[in-house]
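The values are calculated or read from the model by the stated rules, or taken from the named source; none is laboratory data. The shown structure was predicted, so the numbers you read here are calculated from the model rather than taken from an experiment. Here Cβ is always computed from backbone atoms with ideal geometry, including for glycine, and neighbour counts include all displayed protein chains.
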Amino acid sequence: MYDKDYFENYKEQSFKWKFWARFIRKKVKKEDNILEIGCTYGYLFKYLKDYPNKYGIDISEHAIKQARLLSQGAEYKVMDAQKLDFRDNFFSLIIAIDVMEHLKNPEKAIKETSRVLKKEGLFIMVTPNLESCSRKIKGEKWFAYQDKTHISRLTKEQWIELLEKNNFTIKKIRTIDMFDMPQKKIYKALNLLSYILSIPYSKSKGRDNLLIIAKKS
């Protein structure tokens, strides 16, 4: 399913990955182990080249092949987020951007994430926000409904319940991204600017995606 055709319109969006690289630098030490779930072509690690212990996984063989070509000094593996092939308490930070909604059993992935994270390790996830203004305006034309691989569209409360059930403490909940409003050009420009200024998330309920930062208890 996640072959070359699926990624046909996938672009780097360097402004986004630069922001997350800056964010990660503030949260972990350079020698810490970092995992990106759903790494696609490995663009995030392009901006963390001086961090030696980077791991990226994706269910797509095509994506991992491309990531390995780009290298970025990371170890890339084809792997299912619902069955992580890493030892317990290995990572200090795990990030999953636009991933959880694709999983048949997101709770299993959260449980696995908890297992491989160290105590007080951070889990960062971004997933479609069911309370967003764009969903209310666009209805069935909303971006998260258009992608048929989005099979786990949960509410904020459901995500919190799954995380807390699996040994996580919620540290921050925000909404993030502005790209799917009807005035796309205007909001895409605002979205770009918000990332450049390092303020892409908000306390408001209206942005397109939900950002949750949780710490392993």
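Assorted remarks:
- No other residue among Asn129, Asn105 is under 23 Å from Phe7 (Cα atoms), in contact (Cβ under 8 Å) with a residue 12 or more places away in the chain and surrounded by fewer than 18 Cβ atoms within 10 Å (Cβ to Cβ) apart from Asn105.
- If you go through segment 87-115 and pick out every residue that is assigned to a loop (DSSP other than H, G, I, E, B) and of a type outside the set (Lys, Arg), you end up with 7.
- Residue ID - surrounded by the fewest Cβ atoms within 10 Å (Cβ to Cβ), chosen from residues in segment 22-62 that are of a type in the set (Ser, Thr, Tyr) and over 13 Å from the mean Cα position of the chain (by Cα): Tyr47
- Tally, over segment 87-100, of residues that are buried (at least 17 other Cβ atoms within 10 Å of the Cβ) and farther than 19 Å from Trp20 by Cβ: 1
- Of the listed requirements (1) under 27 Å from Pro52 (Cβ atoms); (2) surrounded by fewer than 24 Cβ atoms within 10 Å (Cβ to Cβ); (3) of a type in the set (S, T, N, Q), Thr113 misses just one: (2).
- Hits in segment 23-69 (condition: in contact with a strand residue (DSSP E or B) (Cβ under 8 Å, 6 or more places away or on another chain), assigned to a helix (DSSP H, G or I) and basic (Lys, Arg)): Lys27, Arg68
- Positions within segment 9-47 being of a type in the set (A, V, I, L, M) and either touching an Asp or Glu at 6+ places or on another chain (Cβ under 9 Å) or within 16 Å of Ser60 (Cβ to Cβ) (or both), in sequence order: Ile37, Leu44
- Criterion (part of a strand (DSSP E or B), at pLDDT 95 or above and crowded, with 20+ Cβ neighbours inside 10 Å) met by exactly one of Leu84, Leu122: Leu122
- Matching residues, segment 70-81, being in contact with a helix residue (DSSP H, G or I) (Cβ under 8 Å, 6 or more places away or on another chain), outside any loop (DSSP other than H, G, I, E, B) and modelled with pLDDT of 95 or more: Tyr76, Lys77, Val78
- Checklist (1) crowded, with 18+ Cβ neighbours inside 10 Å; (2) among the basic types (Lys, Arg); (3) touching a Lys or Arg at 6+ places or on another chain (Cβ under 7 Å) applied to Arg135, failing item: (3)
- For first residues located in segment 58-81 and under 18 Å from Ile97 (Cβ atoms), partners that are part of a helix (DSSP H, G or I) and small (Gly, Ala, Ser) and lie 6+ apart or on another chain with Cβ distances below 7 Å form the pairs Tyr76/Ala67; Ala81/Ala109.
- When segment 142-201 is limited to residues that are in a helix (DSSP H, G or I) and among the aromatic types (Phe, Trp, Tyr), the one that is surrounded by the fewest Cβ atoms within 10 Å (Cβ to Cβ) turns out to be Tyr145.
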